[in-house]
Amino acid sequence: MLLSSSGFLGLLTLLGAASVALGLEPQNYDFSKYHTMPEISAWMEQTKKENPDVVSTMIYGKTYEKSNITLLKIGIKSDVKKKAVWMDCGIHAREWISPAFCQYFVKEILLTYKTDTKVEEMLKNLDFYITPVLNVDGYIYSWKNSSTRLWRKSRSPGPANCTCYGTDLNRNFYANWGMVGVSRNCCSEVYNGPRALSESEAQAVTEFVLQRSTEILCFLTIHSYGQLILVPYGHPNVTAPNYDELMDVGLAAAKAIKGIHGMDYTVGSSPNVLCECFLHLDMSVWNLFDSILNVLHVFPEQTQILDPLETGHVSLVSHTPSLLSCGTKANMALSSLRIRSSQRARRPMPEFTPSSPTSMTRTSMLLPR
Amino acid sequence: AHTVLYITGLQFVLKLTPHTPAASPSVPGQEDIQAAMPVEELDPSHYPATRAAKVAEHFINTRYGSPFAWFGSSGVKKAGLEVRAKLHFTLKEMTRNQDMGLCSAEVLFHRADERKPPQVQCTCSGAFQVNTSAEEEDLYQRLRNATSLLSGSDIPNSVGHIDPEMAPFWHLGGVASSFIMLRESNESTLLNMAHIDNFTQMETKDAQLMFQYDILLHDMVSQEILKWKLLLSWSPDGGVKVLEAEWDPKCRSCERAHLTVTTGIAAEQEMKGDNNNV
């Protein structure tokens, strides 16, 4: 493990040297460490400054505590209207490796698009909307001290008769809200809020994505822990119309990871593989617009095999030196997905009108191959 | 008062404090008698199989775990569901990343009465018992001969770091937690140890070393963090034993937060009565 980490770092150094030679000045940001929210915000600004022709930032909402929710829009400018990929990280505060992955991913594509034709093609065909930290309030709170480290939810106060804080953002979306996998107990880690979209963070994502319903091709949300690639839908009784295709993509991703890192990622829909607990983002996205192809939860691994300390069991708190290897693994998963999305993007797509939220049986969203 | 729990032959002593109701003994052989059902093949990657494997994992740790031997399932190969789950899984010793071969287990969840802990039978092929006697003896002697009592906290820390010196106590906490997690498991849980808030070595007169642990467990299904205080003993000869265990709910009014998750199976996942173990 230590050997492969140093080998990988060696490769990174080479790439770093190459990018310096090309006239790029990479900021000295350590992607193998966890970063505070102010550090991440500064990094986003700096990334935009260093790559003005491919990176812009967008503030698309506010958290309960009135912090900005910001994404990076990454793509090579084009005269024609482009399709896009959505990626959000850090919807659950304690899953620190998720924002770490988003940062790593941004770094990777910016580092390689000028030298790797596949990445260049991808950025030509697609725009990426990447939110490194969605649950800003929760993330900041989880950095306070060791007793707050495992915070998960938002930081909005509970209802009047409740002393506990926070709503699980991933149970708050308007898609079969409150049906399964939630708790009405406001102290629960999966409390779904007083009503659907009660949380400004969930609202922000919903509005942004709804406004771009014909543009967004692929929706990714990154979580931890567990070596899992989850495909839609999160509801036990609903199968995605393109389930076979989604499984193909997921399995290809898992194969790529296995081939390079020797790690086994399990692929399946969350009601099968994880729990009958109905992950919201899947369903809400499906309801919101027709043209969605892929909704994948990618769970970067935790301290299992690659942890030099051999601590073994899966852990909520991922060991820092594993961050890089974790990033490359999730990256691997995404690269097969990226190629597929990129191919999709180039095919002409019929225009769809967004379906009504109650319509659940339409199959017209199957796109021509 | 002590309550003695039998779990398929393994005996340990559990003293529960007043506000945590006493667990009822689970008599071996007594199980839900349901109409004979054909064996339903389970997909090894689906959660019924992985949850049952997790229970088997906890069972193995209660029998064979030590500060240098901490076990986990590294992949369910085959699973079937009858009244009980039948599993074949590969076993790994986690502290060394060592493959231990194939195990087959039967995990019986008492569907009719979730207060009853699952019953496990398990056999593993190959050289199953890890030879850790040298390291265990070494640690044991070091602690017995030390001039001060050992303690530690925040394991792992916020960035996932565990001091190499603390690693055996992380494993020890994991093994001890397995006693609790075995007892607390049901078809709607997937329990792992998440964090050791702190541990303190206690004075003892006898050969056993004794530790007080404040541990956080994580249930993947409800996502709850469960705080447990454990008093445990360990020696190379005596193995790991849990002497006392107490659950510390995060607040008075949210004592049963983790029992209220709606699931596809049990729509009536209401708050259970006071007799529930948690």
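Points worth noting:
- For B:Q208, no residue 5 or more places off, or on another chain, has a built amide H under 5 Å of its own.
- Number of partner chain Cβ atoms within 10 Å, mean per residue of B:190-200: 3
- In sequence order, region A:92-106 has phi-based couplings of 10, 3, 6, 7, 4, 6, 5, x, 4, 5, 4, 4, 4, 5, 4 Hz under the Karplus curve 6.51 cos²θ - 1.76 cosθ + 1.60, θ = phi - 60°, and Gly or Pro positions carry x.
- Distance from the alpha carbon centroid of region A:37-90 to that of region B:199-217 works out to 50 angstrom.
- Other-chain or far-sequence residues with amide H under 5 Å of A:I216's (modelled H): A:A84
- Near the amide H of B:S74, within less than 5 Å, lie the amide hydrogens of B:T90, B:L91, B:K92, all on another chain or at least 5 residues away, with H placed in the peptide plane.
- Rounded to whole Hz, the Karplus (6.51, -1.76, 1.60) HN-Hα couplings of region A:185-196, x for glycine and proline: 7, 5, 8, 6, 5, 10, 5, 8, x, x, 7, 4
- Sorting A:204-216, A:58-70, A:160-172 by average packing, meaning the other beta carbons within 10 Å per residue, from highest down gives A:160-172, A:204-216, A:58-70.
- Across region B:64-79, coupling constants 3J(HN,Hα) worked out from phi with the 6.51/-1.76/1.60 Karplus curve, θ = phi - 60°, read 10, x, 7, x, 10, 9, 10, 10, x, 6, 9, x, 7, 8, 7, 8 Hz, and Gly and Pro carry x.
- Listed by chain and number, the lysines whose alpha-carbon sits under 19 Å from that of A:K114, ignoring those within fewer than 8 places in the same chain, are A:K48, A:K49, A:K73, A:K77, A:K124.
- All lysines inside 29 Å of B:K227 as judged from Cα atoms, apart from same-chain residues fewer than 8 positions distant: A:K33, A:K144, A:K153, B:K15, B:K54, B:K92, B:K116, B:K205, B:K241, B:K250, B:K272
- Site pair A:E65 and A:N237 shows an inter-label distance of 4.0 nm when each label is modelled 7 Å from Cα along Cα→Cβ.
Read-outs throughout are calculated quantities, based only on the coordinates presented, and are distinct from any laboratory measurement. Being a predicted model, the structure only gives us computed values, none of them experimental. Don't worry about glycine lacking a Cβ; one is built from the backbone with ideal geometry, like all the others, and counts go over all protein chains shown.
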